[in-house]
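The values are calculated or read from the model by the stated rules, or taken from the named source; none is laboratory data. Owing to the predicted nature of the structure, the values given are computational and were not obtained by experimental measurement. Don't worry about glycine lacking a Cβ; one is built from the backbone with ideal geometry, like all the others, and counts go over all protein chains shown. Keep in mind that these areas ignore ligands, DNA and RNA; they rest on the heavy atoms of the full protein, side chains included. Shrake-Rupley method; radii C 1.70, N 1.55, O 1.52, S 1.80 Å.
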Amino acid sequence: MTARGTDVLVIGAGAVGAAVAHYCTLQGLSVRVVDRGAPGGGTSSRCEGNILVSDKERGPELDLANYSLALWHGELAEHAESWELERKGGIIVASRETSLVSLRRALTAQREHGIEVQEIDAEALLALEPHVSPGAVGAAFYPDDSQVMPMQVVAHLLALARGRGAEVLPYCEVTGLMREGERIIGARTTRGDLPAGAVVDAAGPWAARFSALAGVHLPIAPRRGYVMVTEPLPPRVFHKVYAAEYIDDVGTSDTSLQSSPVVESTPAGSILIGSSREQVGFSDAISREALQRIAANATALFPFLRDVHVLRHYHGFRPYSPDHLPAIGADARATGLWHATGHEGAGIGMSVGTGKLLAQALAGHRPDLDLDPFDPARFGDAAPAGGPR
Amino acid sequence: MSEIAAVVVIGAGPAGLAAAAEAARGSDRVLLVDAGPRLGGQFWRHGAKDDLPQAPAPRWHHGWDTYLELRTDLERAEAAGRLEHLASTHVAALDVREDGLLALHLALSPTGEQLTTLLAETVVLCPGAYDRQLPVAGWTLPGVMAAGGVQAFVKVQEQVPGRRVLLAGTGPFLLAAAASVLQAGGEVAAICESGDLTGWVPRGASAALVPGKGREGAQYAALLVRHRVPYLRRRVVSRIHGTDRVESVEISRADDRGAQVPGTAQVLEDIDVVGLGWGFVPQAELLLQAGAASRLDVDGSLVGVVDGEQASSVPGLFLAGEITGVTGASGAVAEGRIAGRAAAGRVSGRAAESSRKDASARSRHRLFASAMHRAHPAPAGWADSLDEGTVVCRCEEVTLAEITAARDELGARDPRSLKGVTRAGMGMCQGRICAAAMTCFGTDPLEAARTTAKRPFALPLTLGTLASAEEGTE
């Protein structure tokens, strides 16, 4: 069975796929989105909904983060309430003089690249976060760090796209690609053949598997992370608060377990507690060590948390990219194939920027930002030595 | 705990007590872990004085003799150093390790001063069940309880939670709960049974299989007649009224799907307590954590798949009692005995001695339970006439309107998406109360039941407890 063709077929209905769909319909393109499971059922439903600039270093990732931030608070502001957008601000806490020195170095560089950040002393920190550990020696405050409820983002972006004619097919798994010579002209799925002018890989951590179907190498690997959710409480954590070591964890390529505290409240009153990073494939085996370390780190940062109940924990798989940059744009190795994946832990925040830039390129326009640094073909045709499997 | 336990029995209700007693005959390293301070579980829940020597049997209990026998068996095994009972201990999580051992993560109290890991060669999981609830207008008012909660109150407090009680829902348990209220000196305004009980002949073929059930039923019937309690078939609670707490209850006729028939409402005044019960939901979180195979039972419950020895699909993990299908206490005891023997036999390498008596009791009780479940289905039409504004998830205060909007306008058509978009089931009870309601919004009932029963911690744990977790025998 072959369905009517569309201009764009998006593989993956997570935040990135939903944003691609939304912006493609705004460009006047006809769009179909498929997902192996329910929309947002993968990484998007297992994260914290971060829109951060504080953990970015200068470079193309920061440019994309800033571009996305402007969209969230600009042209998408009318939907802010439906996805619980909150400009809560981020605080990076240094507990030792040495980490304060590295934090200062990082924020000086960030400031040069337009990030709004203030260094604050221990007293000012306590004024912003009265319950934080008194052991902190200093901190940096990023007023632009924001948060959304990711499942609402996915649901509403897809609803917007559907309102402009997009079709969303959940529980539809891609089994192969349709070709005309070397050109990719659609996907074969469990719900029939779906022809399209362009096939967009928004498969998140499953992008390597999908790309293999298309015959191209894309070394995006799952990087597992845990989040714990507490009982609902009256507000006692007012920003996204994390330790200076988190930046190092984000930037490392180490595959073993790393853990640093990230603590923040949600509008529902519960507190989300992270974070851990480990490369264990798509394993669902519970790591008691990761949970223990997250709890120990969080209670060190906020001592009152010792008596707070955790109701549940969940884990998700971030789409890790070996050079910490996403893959966005046309794949020169396979005509008709495009990518929008590999954002690791920043995919919710950068979803809208990614979607808008890719839609511009798909519609034949020059994107607002240069996509060259995100070239999906940059990893070459084989796994680099020492890279993730 | 430095050594590896041979058999750990989780739960000290009828199934768990029987499993522990039998396991201790075949093994000298048996541990019985239970959240309660005393043996007995929900079914034989009792106060401290009921355990004193020569204490009279509490009048609201059935099978108290069986409890006393099992308790004596366990005390002997404990005295002989073959068994240890860890009371007030919660199993927060159950993992299957790569070496085949089962790891239990124990919290030593609800707040859990410390989380310890206990390793076991085999586990007999007997976690029991809790009341299945369905939303109805006014069900968040103080005074509205689960029917099982009403009975538990009587068993422990030896008094009624309110003077005049209405029991509603479906199933014979409503009769048991009503009897407890009457025996504790309370008044039962009525019992509303949503079914019409066609095809259910209490003295028919299935009841003949388990004479005890017939006797129990006859005793309830006599008690209800004596107290002139109206037993209303095909009636459902359509609205609970009250300002600060329950004051009156509107009941309506129910159609074939259990939905309210408009225009048939009748108000029962002067009600203090409403006990609602739509059957029981087995506590499946540890089963799912261990990755054991599960299926839907006749009553829509998610239960574990077992073989003739009560073994689950996970090597070393045995299941007994309501977790294999809601059959009641006597069936649970039979299953517990079989499972306890099989677990000890697996450890010793000696094949478990089979007992035809237990196996036959097990099949009779299962047959009886299936007939009972078929006669008392949780009504498919419960939501048909529900007010849009009715709260479905009480913890996160999510209304029916919000859930249907997420489904119809945002395309959230499965329980997991609905939960993610609306937060229904994410609160303090982790979806225990709204699970039955939320599974009705899914297209795949088995997947829906698994989604709503999946809980990575079986109880809330403090971060202090989690931070102090030690790996025990690693």
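Pairwise Cα separations in region B:30-151 fall into 10 Å bins from 0 onward with the following percentages, short to long: 10, 31, 33, 20, 6, 0.
Between region B:1-80 and region A:256-275, the C-alpha centres lie 41 angstrom from each other.
Each listed q (0.11, 0.16, 0.22, 0.24 Å⁻¹) maps to a log10 I(q)/I(0) for region B:276-366, found by the Debye formula over equal Cα scatterers with no solvent: -0.30, -0.62, -1.10, -1.24. Under Stokes-Einstein, with the Kirkwood radius over Cα pairs as Rh, the value for region B:120-181 at 20 °C and 1.002 mPa s is 160 µm²/s. Among the listed pairs A:Lys240/B:Lys419; B:Lys213/B:Lys419; B:Lys213/B:Lys454, those with a Cα-Cα distance over 30 Å are B:Lys213/B:Lys419; B:Lys213/B:Lys454.
Considering every pair of different Cα atoms, what Kirkwood radius, in Å, is found for region B:291-431?
17.9
Among beta bridges from DSSP that stay inside chain B, the antiparallel ones total about 50%. In terms of overall dimensions, region A:12-70 has a Cα radius of gyration and Dmax of 13.7, 36 angstrom.
Given a 1.4 Å probe and every protein chain left where it sits, what share in percent of the accessible area of region A:1-57 is carbon and sulfur? Using a 1.4 Å probe with all protein chains present, region A:1-57 comes out at 48 percent carbon and sulfur. Kirkwood radius, chain B, all distinct C-alpha pairs, inverse of mean reciprocal distance: 23.0 Å. Burial here means at least 40 square angstrom less accessible surface with every protein chain in place than with the chain by itself, probed at 1.4 Å; in region A:309-325 the buried residues are A:His309, A:Val310, A:Leu311, A:Arg312, A:His313.
Counting only DSSP H runs of at least 4 residues, each contributing -39500 (n - 2.57), and dividing by the residue count of chain A, the helix-based mean residue ellipticity at 222 nm comes to -8500 deg cm²/dmol. As a test, work out the antiparallel percent of DSSP beta bridges whose residues both lie in the protein assembly as shown, rounded to the nearest 5. Roughly 60 percent of the beta bridges in the protein assembly as shown run antiparallel, per DSSP.
With helices as the sole contributors, chain B gives -10000 deg cm²/dmol at 222 nm; each DSSP H run of n ≥ 4 counts as -39500 (n - 2.57), and the sum is divided by every residue.
Ignoring lysines fewer than eight residues from B:Lys49 along the same chain, the ones with Cα atoms less than 26 angstrom from its Cα are B:Lys155.
Taking a virtual spin label 7 Å from the Cα of A:Ala80 along the C-beta vector, which residues in region A:116-149 bring their backbone nitrogen under 20 Å of it? So the set is A:116-117, A:142-149. Over region A:25-101, the hull volume per residue, using the convex hull of the C-alpha atoms, is 166 Å³.
Which percentage, to the nearest 5, of the DSSP beta bridges contained in region A:1-139 is antiparallel? Roughly 50 percent of the DSSP beta bridges within region A:1-139 come out antiparallel.
Nonpolar atom fraction for region A:84-236, defined as the carbon and sulfur part of the 1.4 Å probe accessible area, stands at 53 percent.
In terms of Cα atoms, the Rg and Dmax of the protein assembly as shown work out to 29.4, 89 Å. The alpha-carbon atoms of region B:174-303 define a convex hull whose volume equals 174 cubic angstrom per residue.
Structural size metrics of chain A, computed from C-alpha coordinates, are Rg and Dmax of 20.6, 67 Å. Relative to the globular-protein estimate of 2.2 N^0.38 Å, the Cα radius of gyration of region A:1-143 stands at 1.37. Here region B:256-282 and region B:319-366 have alpha carbon centers that stand 36 Å from each other. On a 0 to 90 degree scale, rounded to 10, what angle separates helix B:64-79 from the longest Cα axis of chain B? Taking Cα atoms only, the helix is inclined about 30 degrees.
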